[in-house]
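The values are calculated or read from the model by the stated rules, or taken from the named source; none is laboratory data. Computed from a predicted model, the values in this text were never measured in an experiment. Quick reminder, even Gly has a Cβ in these numbers, built from the backbone with ideal geometry, and neighbours come from all protein chains shown. Please note that ligands, DNA and RNA were not included when accessible areas were found on the heavy atoms of the full protein model with its side chains. Shrake-Rupley method; radii C 1.70, N 1.55, O 1.52, S 1.80 Å.
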Amino acid sequence: MTAQARDSAPASGITLPVPGAIRLPDWSPAAAVGAVAAVGFALFFACLRGVDLTRMNGLGLLSALPVGAIAGVALLALAFMLGLALPRAHPAGLGAALAGLVICLDGITAFIEPEPRFPTTYQIAGFVEYVSRTGHTAPGLAAYFSWPGFFALISFVTGAAGTHSMLTLLRVWPMAIDLLCLPPLFLIMRNLRVSWRAQWLAGFLFAVGNWVGQDYFSPQAFNYLLYLVFLAILVNWFTDPGLSGPPHVVQESRLARLHRRIFGIVRPGELPPRPASTGQRAFLLALLIAVFTVSTASHQLTAFFMIGACTALVLIRRCRLTGLPVLLGVILAGWISFAAVDYWSGHMSNIFGGIGDLGSNLTTSVGGRLTGSSPAHLLALHARVGVAAVIVGLAGLGLLRRRRRGNDDRVLLALFCMPVLAIGLQGYGGEMALRIYLFLLPAACLLAACCVFPDPQSRRPTWRSMPILAACAMVLPVAFFLARYGNEAFEQVPPGELAAANWVYAHDAQGVRLLWLSAAPATDNTPEMPWSYQDISKVDYLPELAPRAPASVGGLVSDLRGAGPGSYLIATQTQVANLQQTAGYAPGWKQRFNAVMTAAPGVRVAFADKSAVIYTLHWPASARAQPLAASAASGPSRPATVWSAAGLILLWLLIALTAVREFIWVIRPSARLIRPLGLVSLPLIALVLGVVVLRFAGLA
């Protein structure tokens, strides 16, 4: 080529290679990011070999993690952020990095702890074991049995698989359920007018922000997955931004005019519903109802959030299924009234006692959980509030940035605000604030991601946003370990404690009363030990006040003698860790207590391990054990009322009527039968409500 031709080449838009220059393939930046992520993932697990759980202090698991493991997960998170800076999306690489991050954060205990963590997960396994062994539930034994769907499902699956031990399932459940939550989360975001960078950043925030710890083997973990699936179906196929009409059609109020002056004309933040045939829409509606019904039969709380989400979308004129909240409400009311009667009959104050008591609910849910004895443990507790405040604060800023750019994110705003209303209902055992944060988290994470990437069109991060992304990568995973595993000193399950529990089950043929140590026995109902995962009708767990002076064991010995033959007192490593970190018991309390208790007159050690000791008394040969309270509670104890049969008939008729109306609306929205069916259902609703009220009044 001549010099003249070369000089004219740039003007024609042709870029010629520079002699000696090396042109990298287009995929090389993505490969480099993937290599960094792989190095971080490998470094994290390579350093886990040196974890010594006995080093844990008030900071929990973070205090025992090697620096290399923390650096590895930070490097993995940083690689993920670098992936967001690439010119185009690489879903496979970003998805692998995000899945690796979830495995590191939520699956770490599956690799470093010898037994599945968290005592309550063993209790849930015990309910499954009872259903598998007996073939029925026992609401008199536990309130959980009034919502047996999860236990029956797991019992069926494990029975079909021929599984005899559930310990492996308990170990991998948190990691597996958190990975399964990602697809419906991204499906929800798919039908929103946000960029791919905002979606992936929201996935990252969801992974590091879900420190609540409700993903252990439990009905809540399973139902949270169902909640995300429910939202995904609703947002993708039944949410229509065109229902509210164009802005100029609606008569503006003064507030609307002020809003328009500040933010201008806004466009919907949602895309039109995804294309689907009539048959597909009918199937999706049936799937929505099925998911809700399974949730209603599996968990006390999640169904209320599903109804709240559906109702909120109808009220903001985004949901096509205007009658669906009525149908779901009827199903829920029917289950509570007829199937969960053994839970609420005689316990009305537990259900309705907290309604409207906002101050008390906030105190028990927030303030009551920010108490600790050591500064280190207090730091771990406050880290939870800090992570939640960061995500919620960024969500508020993201909503404002999106609105300033003309995006009306009313679906996200509704899903963000709806769970907060639950704080006025009840404290839910001091956990309502945790559940509210859990259910608003999907919307909050996407709004928070929009604080960095507010534009619907994907734009590369600016020089101002990259430090924010880097800070999130370096700080939030570490904060997750602190917030999620800050209680790990007493939420882990050492092998010796599991061996002690197995010893109890091997000696419970005549029934056992097992006393355990607590700082507040009047309100504490969850022992820090693996409990109730076998023979739940044969073992009564009784909390006993742990003396602050470890030598003052006289009261415990007296209570043990009063419980009678077949009674034991257990002292575990995790119980003592809880006493020291949350109630201020002195260091060395365990050693002094065990020495004094072992030497007490009439006391003998029935089982001993480095992490658990079981004490009992020398009983005379003529002593006989008293019947357990649990053994008498085996099934439904409330007789049917005269309203039961009529109420069930009316309930099924109303469910069928409202369901038919919704299916007709989906299949043929212009059908004349829709309005008459709605009018006919009104008196049936009144009758069913009357029956429910009469049943509550008669069985309360």
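Say whether the condition of being buried (at least 16 other Cβ atoms within 10 Å of the Cβ), at pLDDT below 90, among the acidic types (Asp, Glu) and not in a helix (DSSP H, G or I) is met by at least one residue in segment 421-439.
Checked segment 421-439: at least one residue is buried (at least 16 other Cβ atoms within 10 Å of the Cβ), at pLDDT below 90, among the acidic types (Asp, Glu) and not in a helix (DSSP H, G or I).
Could you check, for segment 363-371, whether at least one of its residues is modelled with pLDDT of 90 or more, open to solvent by 50 Å² or more (accessible area, probe 1.4 Å) and within 23 Å of the chain's Cα centre (by Cα)?
Step one: of segment 363-371, the residues modelled with pLDDT of 90 or more are none.
No, segment 363-371 has no match at all.
Would it be correct to say that ARG638 is out of contact with any Gly (no Cβ under 7 Å at 6 or more places or on another chain), modelled with pLDDT of 85 or more and either in a strand (DSSP E or B) or surrounded by 12 or more Cβ atoms within 10 Å (Cβ to Cβ) (or both)?
No, not satisfied.
If you take the residues in segment 146-192 that are under 20 Å from ALA290 (Cα atoms) and aromatic (Phe, Trp, Tyr), which one is surrounded by the fewest Cβ atoms within 10 Å (Cβ to Cβ)?
PHE156
Only one of (1) crowded, with 21+ Cβ neighbours inside 10 Å; (2) over 20 Å from the mean Cα position of the chain (by Cα); (3) under 14 Å from PRO219 (Cβ atoms) fails for ALA142. Which number is that?
Result: ALA142 fails condition (1) only.
Any chance you could count how many residues in segment 515-550 are among the hydroxyl-bearing types (Ser, Thr, Tyr), assigned to a loop (DSSP other than H, G, I, E, B) and touching a helix residue (DSSP H, G or I) at 6+ places or on another chain (Cβ under 9 Å)?
Number of matching residues: 4.
Just give me the residues in segment 316-325 being in contact (Cβ under 8 Å) with a residue 60 or more places away in the chain and under 26 Å from the mean Cα position of the chain (by Cα), in sequence order.
Of everything in segment 316-325, those that are in contact (Cβ under 8 Å) with a residue 60 or more places away in the chain and under 26 Å from the mean Cα position of the chain (by Cα) turn out to be CYS319, LEU324.
Being part of a helix (DSSP H, G or I) and modelled with pLDDT under 90: is that true of ALA160 here?
yes
I need the full set of residues from segment 548-585 which are over 13 Å from ALA519 (Cα atoms), without any contact (Cβ under 8 Å) to a residue 60 or more places away in the chain and surrounded by fewer than 18 Cβ atoms within 10 Å (Cβ to Cβ), in order please.
Once the filter is applied, which keeps residues that are over 13 Å from ALA519 (Cα atoms), without any contact (Cβ under 8 Å) to a residue 60 or more places away in the chain and surrounded by fewer than 18 Cβ atoms within 10 Å (Cβ to Cβ), segment 548-585 yields ALA551, SER552, GLY554, GLY555, SER558, ASP559, ARG561, GLY562.
Just for segment 195-242: of the residues that are assigned to a loop (DSSP other than H, G, I, E, B) and closer than 21 Å to THR293 by Cβ, which one is farthest from the chain's Cα centre (by Cα)?
Going through the qualifying residues, I end up with PHE238.
Out of curiosity, is SER360 open to solvent by less than 60 Å² (accessible area, probe 1.4 Å), modelled with pLDDT under 90 and assigned to a helix (DSSP H, G or I)?
yes
Only one of (1) farther than 20 Å from GLY213 by Cβ; (2) out of contact with any Phe, Trp or Tyr (no Cβ under 9 Å at 6 or more places or on another chain); (3) of a type outside the set (Gly, Ala, Ser) is not met by VAL512, so which one is it?
Only one criterion is unmet by VAL512, namely (2).
Here is a yes/no grid of residues against (1) on the phi > 0 side of the Ramachandran plot; (2) at pLDDT 95 or above; (3) touching a His at 6+ places or on another chain (Cβ under 8 Å); (4) surrounded by fewer than 22 Cβ atoms within 10 Å (Cβ to Cβ):
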| site | (1), (2), (3), (4) |
| --- | --- |
| PRO275 | no, no, no, yes |
| PHE283 | no, yes, no, yes |
| LEU288 | no, yes, no, no |
| PHE292 | no, yes, no, no |
| ARG318 | no, no, no, no |
| GLY323 | no, no, no, yes |
| PHE338 | no, no, no, yes |
| TRP344 | no, no, no, yes |
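Which pairs do you get when a residue that is closer than 15 Å to ALA686 by Cβ, found in segment 650-662, comes within reach of a residue that is part of a helix (DSSP H, G or I) and open to solvent by 50 Å² or more (accessible area, probe 1.4 Å), reach meaning Cβ atoms under 7 angstrom, with the pair 6+ apart or on two chains?
As it stands, the answer is LEU650/LEU687; LEU657/VAL680; THR658/VAL326, since those pairs meet every condition given.
Take the residues in segment 89-102 that are among the aliphatic types (A, V, I, L, M) and surrounded by fewer than 19 Cβ atoms within 10 Å (Cβ to Cβ); name whichever of them is modelled with the lowest pLDDT.
ALA89
Hey, does segment 663-676 have a residue that's modelled with pLDDT of 85 or more, in a strand (DSSP E or B) and buried (at least 16 other Cβ atoms within 10 Å of the Cβ)?
For segment 663-676, residues modelled with pLDDT of 85 or more, in a strand (DSSP E or B) and buried (at least 16 other Cβ atoms within 10 Å of the Cβ): absent.
Out of segment 109-136, which residues are touching a residue at least 60 places away in the same chain (Cβ under 8 Å) and in a loop (DSSP other than H, G, I, E, B)?
Once the filter is applied, which keeps residues that are touching a residue at least 60 places away in the same chain (Cβ under 8 Å) and in a loop (DSSP other than H, G, I, E, B), segment 109-136 yields GLU113, PRO114, GLU115, PRO116, ARG117, PHE118, HIS136.
If I filter segment 650-660 for residues that are under 25 Å from SER277 (Cβ atoms), modelled with pLDDT under 85 and open to solvent by 50 Å² or more (accessible area, probe 1.4 Å), do I get at least one hit?
no
Applying the selection to segment 46-61, what residues are part of a helix (DSSP H, G or I) and either over 26 Å from the mean Cα position of the chain (by Cα) or surrounded by fewer than 23 Cβ atoms within 10 Å (Cβ to Cβ) (or both)? So that I can check it myself, show each step before the final result.
Step one: filter segment 46-61 for residues part of a helix (DSSP H, G or I), giving 46-50, 53-55, 61.
The answer is ALA46, CYS47, LEU48, ARG49, GLY50, LEU53, THR54, ARG55.
Report whether or not VAL229 is closer than 21 Å to ALA77 by Cβ and in contact (Cβ under 8 Å) with a residue 40 or more places away in the chain.
Spelling it out, it is not the case that VAL229 is closer than 21 Å to ALA77 by Cβ and in contact (Cβ under 8 Å) with a residue 40 or more places away in the chain.
Quick one: would you say ALA471 is more than 30 Å from GLY269 (Cα to Cα), over 15 Å from the mean Cα position of the chain (by Cα), open to solvent by 10 Å² or more (accessible area, probe 1.4 Å) and not β-branched (Val, Ile, Thr)? Write out each step before concluding.
On the way: more than 30 Å from GLY269 (Cα to Cα): no; over 15 Å from the mean Cα position of the chain (by Cα): yes; open to solvent by 10 Å² or more (accessible area, probe 1.4 Å): yes; not β-branched (Val, Ile, Thr): yes.
The answer is no for ALA471.
Would you point out the residue of segment 474-488, among those that are open to solvent by 10 Å² or more (accessible area, probe 1.4 Å) and hydrophobic (A, V, I, L, M, F, W, C), that is nearest to ALA608 (Cα to Cα)?
Per the criteria, the residue is LEU482.
How many of the residues making up segment 520-542 are closer than 19 Å to MET597 by Cβ and more than 27 Å from the chain's Cα centre (by Cα)?
1
Can you tell me how many residues in segment 294-306 are part of a helix (DSSP H, G or I) and buried (at least 23 other Cβ atoms within 10 Å of the Cβ)?
Qualifying residue count for the region: 6.
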